[in-house]
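The values are calculated or read from the model by the stated rules, or taken from the named source; none is laboratory data. Since the structure is predicted, the reported quantities are computational estimates derived from the model, not experimental observations. Note: ideal-geometry Cβ built from the backbone for every residue, glycine included; neighbour counts use all protein chains shown.
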Amino acid sequence: MYEKDTIAALATAQGEGGIAIVRISGEKAEYCLRQLFQPAVSFESHRIFYGHMVQNGQVLDECMAVLMRAPRSYTREDVAEIHLHGGSFVAASVLKALYALGVRPAAAGEFTKRAFLNGRIDLSRAEAVMALISAEGSRAARAAVRQLDGGVSSFVQTAQEKLLALLSGVAAAIDYPEEITFEEAAGEMTEGALSLAHELESACDERGARIARQGLEVVLCGRPNVGKSSLLNALSREEVAIVTDIPGTTRDILRSDMYLSGLKVRFVDTAGLRQNTDVIEAIGVERARKAVAGADVALVVLDASQPLQAEDEKLLEETRDMPRIVVLNKGDLPAALHKAQFENAVVVSAAKKLGMEELEEKIAAYGAGAGEGELTQERHMALAREAAAALRRAAEACRMGEAVDVAAVELNEALHVLGRITGEQVDEKLLDDVFSRFCVGK
């Protein structure tokens, strides 16, 4: 599915740095290294050598180089890596010298694509490489590592084995109708198909996967001057928001990211919720309400030193059915509101940084289990649900008394769909879609 040519690309980030690694893969990798690397050495695979990159007598850089002969390499082809001093010009000069020897620039994700096409990894493991590179927080990284270690492959393989067992039972009923009745075959197949469909659906935790990948969105909301901006600053540990005694200081959405228990959390400060005649502030209030509606968790901030006001009561009612934490701020002042009055409440003082640890623990709890499901990639979950739907159609066909071979068609469809997760059933369009999201050099 690809030409056996030789490719090269910068495998490290663009720009200045301590080191820049140029990666070469293909049958000309060793030849190119010998042409440019001096002194010429008798390369031993998987050993790193010191020397210089030289083109037409001109030294391009002092460097280290390593040759990894097939199949013991990332792509299962001959691979060479040249470790240069970091800098765009040096790396570009070495790449230009390689291109002059007949090497072509690698496309996005082409090294990993070759690893897949050469059978070193399946498609789910290939996707895990990019997931690990782009992971934000240890939760996302752990999910990617499990996938890279074959967690998804193992789950899919087990599901396929169960499907094949169901298909063998159907085949037996078709081939030996005098020994296995339709009712017996249909009963076993229906029970097994519904059970497997449930397993596949349960493995799909879109919310948890999204939170592990993108982070937990936590929106601070409340009427003006309850201390939302002070609370944002306290949580962020920096002066993100302007804090004044003037109501309505925050008129737009403010965001700040941090990590709690290995999970990325995006805090969103919003305009104070109140009725007003100020056109600009009214826009901010409308944006605030939309942010609250789309949040994973709402921090309903109340001024604990004052009795509940109409805006407080309205906000408590609006957020009653969504994940929320009631934050009783200004807990260092004489209290008019108490923790026992509210469900899932915490008393803090944003100004004095009191109660913040308890609040952070409550926030982190909403991300518990994020990224720990069997399937964490959107593509995998969509295919698992598609396979589950085929299984339910197979069970329904049996329930309706249709021929067993009608159910067999749906079982085969489920088997085909699961194969697309690991790449057993693959086409060029799918590969292009998956690897186009990779960075060049990986």
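Details
- Residue match in the stretch 141-151 (condition: modelled with pLDDT of 90 or more, in contact with a helix residue (DSSP H, G or I) (Cβ under 6 Å, 6 or more places away or on another chain) and closer than 25 Å to GLN425 by Cβ): no
- Every pair of residues 6+ apart whose Cβ atoms lie under 7 Å, when the first sits in the stretch 73-86 and is assigned by TED's automatic domain parsing to the domain that holds ALA11 while the second is among the basic types (Lys, Arg): THR75/ARG114; ARG76/ARG120; GLU77/ARG114; ASP78/ARG69; VAL79/ARG23; GLU81/ARG23
- Criterion violated by LEU232 - all others in (1) more than 30 Å from LEU415 (Cβ to Cβ); (2) at pLDDT 85 or above; (3) in contact with a helix residue (DSSP H, G or I) (Cβ under 9 Å, 6 or more places away or on another chain) satisfied: (3)
- Within the option set LEU84, LEU60, being touching a Ser or Thr at 6+ places or on another chain (Cβ under 6 Å), surrounded by 14 or more Cβ atoms within 10 Å (Cβ to Cβ) and in a strand (DSSP E or B) holds for one residue only, LEU60.
- In the stretch 96-116, the residues that are buried (at least 19 other Cβ atoms within 10 Å of the Cβ) and not small (Gly, Ala, Ser): LEU98, VAL103, GLU110, PHE111, THR112, LYS113, ARG114, PHE116
- A count restricted to the stretch 30-41 and to residues that are surrounded by fewer than 12 Cβ atoms within 10 Å (Cβ to Cβ) and out of contact with any helix residue (DSSP H, G or I) (no Cβ under 9 Å at 6 or more places or on another chain) stands at 1.
- Sole residue being surrounded by fewer than 21 Cβ atoms within 10 Å (Cβ to Cβ), modelled with pLDDT of 95 or more and either touching an Asp or Glu at 6+ places or on another chain (Cβ under 8 Å) or more than 30 Å from GLU428 (Cβ to Cβ) (or both), chosen from GLU27, GLU44, GLU77, GLU16: GLU27
- Which numbered condition ALA382 misses (of (1) of a type outside the set (Val, Ile, Thr); (2) in the same structural domain as GLN157 (by TED's automatic domain parsing); (3) modelled with pLDDT under 95): (3)
- Condition check for ALA172: of a type in the set (Gly, Ala, Ser), part of a loop (DSSP other than H, G, I, E, B) and modelled with pLDDT under 95: no
Condition check ((1) free of Cβ contacts under 8 Å to residues at least 40 places away in the same chain; (2) in the same structural domain as VAL300 (by TED's automatic domain parsing); (3) among the β-branched types (Val, Ile, Thr)) across all residues:
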| residue | (1), (2), (3) |
| --- | --- |
| ASP332 | yes, yes, no |
| ALA335 | yes, yes, no |
| GLU343 | yes, yes, no |
| VAL346 | yes, yes, yes |
| ALA350 | no, yes, no |
| LEU354 | yes, yes, no |
| GLU358 | yes, yes, no |
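- Sole exception among (1) without any contact (Cβ under 8 Å) to a residue 40 or more places away in the chain; (2) in the same structural domain as HIS198 (by TED's automatic domain parsing) for LEU391, by number: (1)
- Residues of the stretch 119-141 that are part of a helix (DSSP H, G or I) and crowded, with 17+ Cβ neighbours inside 10 Å: LEU123, SER124, ARG125, ALA126, GLU127, ALA128, VAL129, MET130, ALA131, ARG139, ALA140, ALA141.
- With respect to (1) more than 17 Å from ALA91 (Cα to Cα); (2) assigned to a strand (DSSP E or B); (3) touching a residue at least 40 places away in the same chain (Cβ under 8 Å), the lone exception for LEU67 is condition (3).
- Close contacts from the stretch 147-160, counting a first residue that is touching a residue at least 12 places away in the same chain (Cβ under 8 Å) and a second that is outside any helix (DSSP H, G or I) and surrounded by 23 or more Cβ atoms within 10 Å (Cβ to Cβ), with Cβ to Cβ under 8 Å and a gap of 6+ residues or different chains, come to GLN147/THR376; VAL152/LEU375; PHE155/LEU375.
- Inspection of the stretch 204-217 finds a residue satisfying the criterion of being out of contact with any His (no Cβ under 6 Å at 6 or more places or on another chain), among the small types (Gly, Ala, Ser), at pLDDT 85 or above and not in a helix (DSSP H, G or I).
- Some residue of the stretch 321-329 being free of Cβ contacts under 8 Å to residues at least 24 places away in the same chain, among the charged types (D, E, K, R), exposed (fewer than 15 other Cβ atoms within 10 Å of the Cβ) and not in a helix (DSSP H, G or I): yes
- Criterion applied to GLU281, GLU188, GLU201, GLU238 was being surrounded by fewer than 23 Cβ atoms within 10 Å (Cβ to Cβ), over 21 Å from THR319 (Cα atoms) and at pLDDT 90 or above, and the one residue passing it is GLU201.
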